[in-house]
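Please read the structure below before turning to the comments.
The values are calculated or read from the model by the stated rules, or taken from the named source; none is laboratory data. Just so it is clear, the model here is predicted, and its values are computed rather than measured. Cβ: placed from backbone, ideal geometry, glycine included. Neighbour counts: every protein chain shown.
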Ligand code: DLL
């Protein structure tokens with residue numbers, strides 16, 4: 001049966017939601033124009049004045065923001081409030097040069113907690129639940145986001161953070177965790193660990209809230225079976241607050257976007273043209289209630305489809321499909337955002353040329369593995385003093401420092417990586433993550 005955290009908002013009529021969004025959009029645009037010179041410049045360059053935005057129908061007039069803007073404006077360029085009004089930052093897992101830092105006032109944290117609370121309640125959570133959060137805490141938004149939501153629901157929160165599987169399972173059995181929050185790959189890993197330890201009958205889990213990376217329906221079924229739970233998807237991104245931008249209800253037919261806080265559009269990534277419901281394109285978000293880090297028309301690079309069709313759960317908020325791919329070359333490996341360009345930087349800094357290939361695989365236990373195959377330069381290959389083992393170790397540690405995760409490195413002979421006549425094929429992702 002459907003449960004709502006804020007039924008008056010979650011099941012509001014379309015007319016009411018439109019009215020709310022229009023009103024909030026108008027004031028958010030004015031607020032951003034007055035407080036964020038970076039975006040004011042973008043609007044001025046496009047000849048758009050805040051008065052031109054009178055409702056959602058005018059949204060298309062606003063300029064897009066993308067990750068490059070965030071990098072250019074790093075760290076304070078998109079901040080709309082004095083730092084003294086901010087109480088928290090979070091940051092994406094990308095490292096040097098790609099880092100995105102988002103700021104929050106207490107109001108922003110509160111609304112984010114509400115969004116995550118809706119996700120927990122939609123998964124059947126109540127104040128009587130024990131919510132086991134093993135998303136990472138710290139700069140990553142996963143831990144704090146679900147933690148905030150669990151507190152809002154009034155459940156008992158176990159702030160486990162990631163790693164230490166023995167301890168996770170011990171707490172799960174001793175304290176009777178009922179709702180598990182982590183990445184789907186960690187959920188699969190935990191299921192395996194529980195089976196290995198023969199403690200499945202001591203596990204009281206009933207639901208899981210899994211996101212931050214792509215996962216397929218097959219993986220859902222496997223996790224549901226392995227843990228004896230119902231597994232719910234949750235979506236979000238640091239720039240827009242974190243997890244809880246959208247979440248799945250009992251129907252599991254897409255994720256409801258929290259439309260009282262975010263307006264979603266789907267655009268053609270090549271032309272920027274807004275696409276209708278049912279068409280596949282890049283998801284774009286406009287925040288309409290944020291104080292510290294309000295982003296207008298932010299291009300997520302996630303490819304998905306929107307649907308306003310009535311949902312049997314009673315929620316009226318628009319649904320998005322699972323992300324069906326990305327419109328850039330970002331990979332998510334072991335829950336960490338990885339750009340091929342970061343890998344290339346490490347190679348070039350260590351004297352290699354840009355002849356490399358990244359092979360990503362996922363084992364039976366759904367754990368990701370990344371291997372970087374790097375061509376030695378002809379000079380290296382001919383140099384008797386060139387020590388391959390030492391060079392490999394140096395690359396592994398350079399990549400670890402850049403990406404924050406361990407990558408295998410394989411040095412190969414010059415000219416062995418296939419050259420492409422068009423765009424180089426840098427990434428071979430064998431995981432088949434996206435549901436077609
Ligand atoms: O991954 C926030 C999050 C934490 C979401 C915990 C859900 C649960 P970032 O590190 O900024 O934030 O990465 C955002 O991750 O643009 C998507 O490409 C991807 N992503 C997030 N959720 C899902 C999901 C967090 N449910 C990027 N399915 C996004 C597929 C997802 N991809």
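Which of the residues spanning region 189-203 are touching a residue at least 12 places away in the same chain (Cβ under 8 Å) and either assigned to a helix (DSSP H, G or I) or buried (at least 17 other Cβ atoms within 10 Å of the Cβ) (or both)? Write out each step before concluding.
Step one: filter region 189-203 for residues touching a residue at least 12 places away in the same chain (Cβ under 8 Å), giving 189-195, 197, 199-200, 202-203.
Selection gives 189, 190, 191, 192, 193, 194, 195, 197, 200, 202, 203.
Of all residues being closer than 13 Å to residue 402 by Cα and surrounded by fewer than 17 Cβ atoms within 10 Å (Cβ to Cβ) in region 96-114, which is modelled with the highest pLDDT? Just the residue, please.
As a first pass, look at region 96-114 and keep what is closer than 13 Å to residue 402 by Cα: 96-99.
Now narrow it down to the ones that are surrounded by fewer than 17 Cβ atoms within 10 Å (Cβ to Cβ): 96-97, 99.
On the way: 96: 51, 97: 54, 99: 76.
The qualifying residue modelled with the highest pLDDT is 99.
Residues checked against (1) at positive phi; (2) out of contact with any strand residue (DSSP E or B) (no Cβ under 7 Å at 6 or more places or on another chain):
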{"position": "322", "(1), (2)": "no, no"}
{"position": "327", "(1), (2)": "no, no"}
{"position": "331", "(1), (2)": "no, no"}
{"position": "334", "(1), (2)": "yes, no"}
{"position": "341", "(1), (2)": "no, yes"}
{"position": "350", "(1), (2)": "no, yes"}
{"position": "363", "(1), (2)": "no, no"}
{"position": "369", "(1), (2)": "no, no"}
{"position": "378", "(1), (2)": "no, yes"}
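Report yes if some residue within region 383-390 is out of contact with any helix residue (DSSP H, G or I) (no Cβ under 8 Å at 6 or more places or on another chain) and touching a residue at least 24 places away in the same chain (Cβ under 8 Å); otherwise report no. Break it down into steps so the answer makes sense when it comes.
Our first condition is that a residue be out of contact with any helix residue (DSSP H, G or I) (no Cβ under 8 Å at 6 or more places or on another chain); within region 383-390, this holds for 383-385, 387-390.
Now restrict to residues that are touching a residue at least 24 places away in the same chain (Cβ under 8 Å): none.
No, that holds for no residue.
Considering only residues that are part of a loop (DSSP other than H, G, I, E, B), within 11 Å of the ligand (Cβ to nearest atom) and more than 24 Å from residue 253 (Cα to Cα), which ones fall in region 309-345? Break it down into steps so the answer makes sense when it comes.
Kept after step one, since they are part of a loop (DSSP other than H, G, I, E, B), are these residues of region 309-345: 309-318, 321-324, 327-330, 334-335, 339.
In the following step, the residues that additionally are within 11 Å of the ligand (Cβ to nearest atom) were identified as 321-324, 327-328, 330, 335.
Listed by number, the residues that qualify are 328, 330.
Kindly state which helices (runs of 4 or more DSSP H) lie completely within region 1-95 and contain at least 3 residues that are modelled with pLDDT of 95 or more. First the steps, then the outcome.
Values: elements: 7-10, 14-35, 37-46, 67-72.
Helices (runs of 4 or more DSSP H) meeting the threshold: 7-10, 14-35, 37-46.
Just one of (1) modelled with pLDDT of 95 or more; (2) within 30 Å of residue 189 (Cα to Cα) trips up residue 365, so point out which.
Here residue 365 clears every test but (1).
Can we say residue 360 is within 16 Å of the ligand (Cβ to nearest atom), within 15 Å of residue 396 (Cβ to Cβ), crowded, with 19+ Cβ neighbours inside 10 Å and touching a residue at least 60 places away in the same chain (Cβ under 8 Å)? Give the derivation first.
On the way: within 16 Å of the ligand (Cβ to nearest atom): yes; within 15 Å of residue 396 (Cβ to Cβ): no; crowded, with 19+ Cβ neighbours inside 10 Å: yes; touching a residue at least 60 places away in the same chain (Cβ under 8 Å): yes.
Against the criterion (within 16 Å of the ligand (Cβ to nearest atom), within 15 Å of residue 396 (Cβ to Cβ), crowded, with 19+ Cβ neighbours inside 10 Å and touching a residue at least 60 places away in the same chain (Cβ under 8 Å)), residue 360 does not qualify.
Filter region 221-275 down to residues that are assigned to a helix (DSSP H, G or I) and either touching a helix residue (DSSP H, G or I) at 6+ places or on another chain (Cβ under 6 Å) or away from the ligand (no atom under 15 Å from the Cβ) (or both) and give me whichever is nearest to residue 137 (Cα to Cα). It would help to see each step written out before you state the result.
Residues of region 221-275 assigned to a helix (DSSP H, G or I): 221-227, 238-240.
Retained after the next criterion (residues that are either touching a helix residue (DSSP H, G or I) at 6+ places or on another chain (Cβ under 6 Å) or away from the ligand (no atom under 15 Å from the Cβ) (or both)): 221-227, 238.
Values: 221: 27, 222: 26, 223: 23, 224: 25, 225: 27, 226: 25, 227: 23, 238: 13 Å.
This residue is 238.
What are the pairs, 6+ residues apart or on separate chains, where a residue within region 330-352 that is in contact (Cβ under 8 Å) with a residue 60 or more places away in the chain and more than 14 Å from residue 301 (Cβ to Cβ) has its Cβ under 9 Å from a residue that is within 15 Å of the ligand (Cβ to nearest atom) and part of a helix (DSSP H, G or I)?
Short answer, once both residue conditions are applied: 333/403; 334/185; 335/142; 335/185; 335/186; 336/403; 342/403; 343/403.
Could you list all residues from region 368-380 that are over 37 Å from the mean Cα position of the chain (by Cα) and either modelled with pLDDT of 95 or more or within 30 Å of residue 226 (Cα to Cα) (or both)?
380
Residue by residue, here is whether (1) crowded, with 22+ Cβ neighbours inside 10 Å; (2) within 14 Å of the ligand (Cβ to nearest atom); (3) modelled with pLDDT of 95 or more; (4) over 24 Å from residue 333 (Cβ atoms) holds:
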position: 143; (1), (2), (3), (4): yes, yes, yes, no
position: 156; (1), (2), (3), (4): no, no, yes, yes
position: 165; (1), (2), (3), (4): no, no, no, no
position: 170; (1), (2), (3), (4): no, no, yes, yes
position: 175; (1), (2), (3), (4): no, no, yes, yes
position: 178; (1), (2), (3), (4): yes, no, yes, yes
position: 187; (1), (2), (3), (4): yes, yes, no, no
